[in-house]
Amino acid sequence: MENLLYIAHNLQNHLETLRQFTSTPGFGVTRLPFSKEARQAVDYIKDQMEQIGLRTWIDASGAVHGRLDGTEPDAPTILIGSHYDTVKSGGAYDGIAGIVSAIEVARILKENKVQMKYPLEIIATNDEEGITYGVCFLTSKALLGRWTITELKQLHDTAGESIYDAILRFGLDPNKIEDCKIDSLNVKCFIEIHIEQGPVLDSKGIQLGLVDCIAGLQRYRIQMIGKSNHAGSTPMDMRSDAVDASTKVISCISEWAKTEGGGTVATVGFMQVFPNALNTISGKTEWVLDCRSSDEEKIQHIVEKLTQKLEEVKSKTGVDYKIEPLVHVKPGYMNKELLEQLEKSCCTFGYSYQKIMSGATHDAHLMSEEVDTIMLFVPSKDGISHSPEESSKYEDLARAVYVVSDMISNLN
Ligand SMILES: [Zn+2]
C-alpha cells in the first residue's frame, strides 16, 4: 500500500480545487444542483475519474459514474459514492470528501493491479441535500427507480423551474430518469465514506467511525390553540396562553429523549407564535418536533409521552392542540458482515475506531433499503458541519481510503 501522506496529499489537492466551485466565495461552499458550480464539479470529477482510467458517464439525475471492470463480467458491482451538492454556505467536505476518497480507492486498486472479481463503480450523486426542490436524494431515488417523469415536472425551485427543466438545462435527458435504476440483485454493496458531522469521534480522538445504523426520523407538527387577549388587563387565572402551555410541554422533551437513551435525540427547532406581539397573550403556537433514533420504539415512546402531556396541559390550562405527522423515515441498518470486514481492516492498519450511529441522513440511508450498505465516518473538527467552518483531517480521510481499499480487496 502507498504512503498515507501521499493519499492525504491527493485528497487535499482534490478538495482544495473543488471548494472553489462555489457561488458564495468567502462564505463557504454553495454548490446547488444544476448550477454553474455543479457543472464545474461534475467536469472535474469526470476528468479525474478518466485520468485514473475509469469508464465514465453522467446519468439523467446529474450523477457522475466511473467504472472499473472486474475479472468476472457477470459479478455484481460494488458501488461507492457520496454527493457533490452542498447546502447554502456549507463546508468543503460534506459529501464531496466521500467522492474524492472513492476516486483514491479506485486509483489505488487500479495502480496496484489488485485482481478484482467485482466491478467497482463510483457514483458522485446529485441533490442529496434537497434544499432546492424540497426533496432529498435526487440520484439515490433515481438509482432505486423511485422517480416518475410527472414528479420531476411537478417539483419546482423558488424561481419556478422544475427538476425536469433543470435536467434539460444541464444538457441531460430527464425522460431517461427511469434508466438510472440499478438492478439491486446485480449490486454487491454500496459504500459511503462521509464526514461525521457531529462531535463524537473528534472529542474522543478516534480516527474512524463504523456506522452501524442511520437513525430513523419522525417529525410532527403541533399546534396549540389558546385565546389571544390583552397582556395587561387579563388576570393570570383567566388566560388561555398558548406560549405558556407550549413551554410546559416543550420543556419536557429533552428529558424524554435522555430517558430513552441509545443515541435518541429530540428537538424543537421551529416555532411560530401568533400573533407574536409583545403586549398580547398568544392565541396560538405552531412548532415541530424532530425526533431521531436507531430504534423506532423509542421515538414512539416519546410521541406517546407528548400526546399524554398535551392532554394534561389541555385539562389544566384549556389550551387545545392538534398533532400532525409530517415525516416518517425508518432507521437504516448497515450490513453486519461488511461491517465486520471493515473492522478487520481497521485492526490490520491499527487505526482506532468505534461503532457509531448516524443522526443525519445520507444517500447510504436510502440505498440500505435495497442493497447491502456500509458507511464509514471520519472525524469532523469540533463536530461542526453545514458551515464554512467544517473541517476534517486529510490523514483521517486517507485512513478511510486505506480501510475501504483493503476491505474491497478482501471481498474477492
Ligand atoms: Zn452529506
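Each peptide among 351-359, 319-327, 284-292 gets the average number of other Cβ atoms lying within 10 Å of its residues, and from highest to lowest they stand as 284-292, 351-359, 319-327. Reducing the range 9-23 and the range 99-124 to their Cα centroids gives an inter-centroid distance of 20 Å. Cα centroids of the range 361-382 and the range 191-231: 15 Å apart. Tell me whether the range 216-329 comes out rounded, prolate or oblate; compute the Cα gyration tensor, take square roots of the eigenvalues as a ≥ b ≥ c, and use a/c under 1.5 as the rounded threshold. Here the range 216-329 falls in the prolate category.
With no solvent and one point on each alpha carbon, what is the Debye value of log10 I(q)/I(0) for the chain at q = 0.08 Å⁻¹? Result of the Debye calculation: -0.48.
Dipole magnitude for the chain: about 720 debye, using +1 per Lys or Arg Cβ and -1 per Asp or Glu Cβ, origin at the Cα centre. Dipole magnitude for the range 226-309: computed about the Cα centre from +1 point charges on Lys and Arg Cβ and -1 point charges on Asp and Glu Cβ, it is near 260 debye. When Rg and Dmax are taken over the Cα atoms of the range 1-60, they come to 13.5, 38 Å.
Summary of the geometry: the range 236-290 and the range 390-404, compared by the centres of their Cα atoms, lie 41 Å apart. Rg of the Cα atoms in the range 125-231, relative to 2.2 N^0.38 Å, amounts to 1.54. In the chain, a dipole from Cβ-located charges (positive for Lys and Arg, negative for Asp and Glu) runs towards its positive end, and of Leu326, Tyr118, Asn276 it is Asn276 whose Cα lies farthest in that direction.
Based on every Cα atom in the range 56-101, Rg and the maximum pairwise Cα distance Dmax equal 13.6, 44 Å. Using Cβ point charges alone (K and R +1, D and E -1), the dipole size of the range 180-292 about the Cα centre works out to roughly 260 debye. Along the positive direction of the dipole of the chain (beta-carbon charges: Lys, Arg +1; Asp, Glu -1; about the Cα centre), which of His156, Leu4, Ile108 reaches farthest? Going by the charge dipole, the pick is His156.
Helix 36-51 sits at what angle to the longest principal axis of the chain, using alpha carbons and giving 0 to 90 degrees rounded to 10? Result, in degrees: 30.
Using only Cα atoms and rounding to the nearest 10 degrees, what angle (0 to 90) does helix 394-411 make with the longest principal axis of the chain? Computed tilt is about 60 degrees. Dipole orientation for the range 329-412: of the candidates Cys346, Gly359, Val378, Cys346 has the Cα lying most toward the positive pole (charges on Cβ; Lys, Arg +1; Asp, Glu -1).
Bear in mind these aren't lab numbers, they're just calculated from the coordinates by the rules spelled out. This structure is a prediction, so every number in the text was calculated from the model and none was measured. Positions of Cβ are backbone-derived with ideal geometry, glycine not excepted, and every protein chain shown enters the neighbour counts.
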